[in-house]
Amino acid sequence: MHPLLQLAFDFFDPPAAQPPKTRTPPPAPPRRSRPVAPPTAGPVVPQPRLDQILEPAAFRHPRANREAALGASVVAFEFKRARRRNIGFMVGPEGLVVSAPNWVPLSEVDAAVQSKAPWILKKLGDASDRRRRMDEARIEWRDGASFPFLGENVIVVLDPRHASAGAVLNTAGEALPGVARHMLHVGLPHTASEAQIRDAVQAWLMRQATRIFTERLDHFAAQLGVRWTRLLLSNAGTRWGTAHSDGRIRLHWRLVHFRMAVIDYVVAHELSHLRVMDHSPRFWETVATVVPDYARLRGQLREEPLPPW
């Protein structure tokens, strides 16, 4: 803290000239007036700065072992040593993870984090917004609940008459603005628990996923000149699909929440790996032959949040 310096300025008026001596009448008696109390000033309270009023944004990884102040934000991140050539940054649902080779000193790691501050804060902000939207989309499994299917909302209707079928989709509803026109009649009594309703809807969605994925695999395999051998439904936490050299294709069953164009991108992506087993420019050229706007669809797949299941 630098010491405060106080400067005192003295102002002097030049001496006034002496007026000539003249006879003047005696002054009139002063008029009586009510005394006026001098203004009182309370103690001067300094106004707080904006950064003292607002809480700094904080992003904390659950396994954080290092912390950095990036602008007005505090970022607690997970730092790991890894066998790699340079310092790596990854922002996921849990927060920031920084990886560095064993020979890189911590001072260089901290400097690298500071240099990437704009990118880190943007990615963390995007991830935070995505989590908020996912929480808002959380489904309460009950009669009248809604969930996305092929890009449209579907309303759950508990209907014991369909107990043998499990669930039946009714698409005869009128397309009113903001109102779901699809209803899934689930063969459960109105006393069914949330877990029973969720499991019944999931079973129906997985049957639809098998049917839709099979149709789209056949469609794009013919265009790409490849042969797939087996479809497996996945529940992986981070991958939408996987292709194996023997023709096996694994697709996440929750892809059926998205509209058909997004599903087509993922199917074409995995089938293209049967021709090019990497993500080289040749691979993306292969994808573009059947899905020209794959970049836009890929962005939608990343940005559109799915409701927690």
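We did not get these values from a lab; they are worked out from the coordinates using the rules stated. These figures come from a predicted structure and were not determined experimentally. As a convention, Cβ positions derive from the backbone with ideal geometry for all residues, glycine included, and neighbour counts pool all protein chains shown.
Against the globular-protein guess of 2.2 N^0.38 Å, express the Cα radius of gyration of region 146-303 as a ratio, rounded to two decimals.
Normalised Cα radius of gyration, region 146-303: 1.17.
Where the centre of each part is set by its Cα atoms, how far does region 216-231 sit from region 267-309, in angstrom?
Between the Cα centre of region 216-231 and that of region 267-309, the gap is 15 Å.
Mind sorting I120, I139 by how few other Cβ atoms lie within 10 Å of their own Cβ, fewest first?
If I rank by nearby Cβ atoms, fewest first, I get I139, I120.
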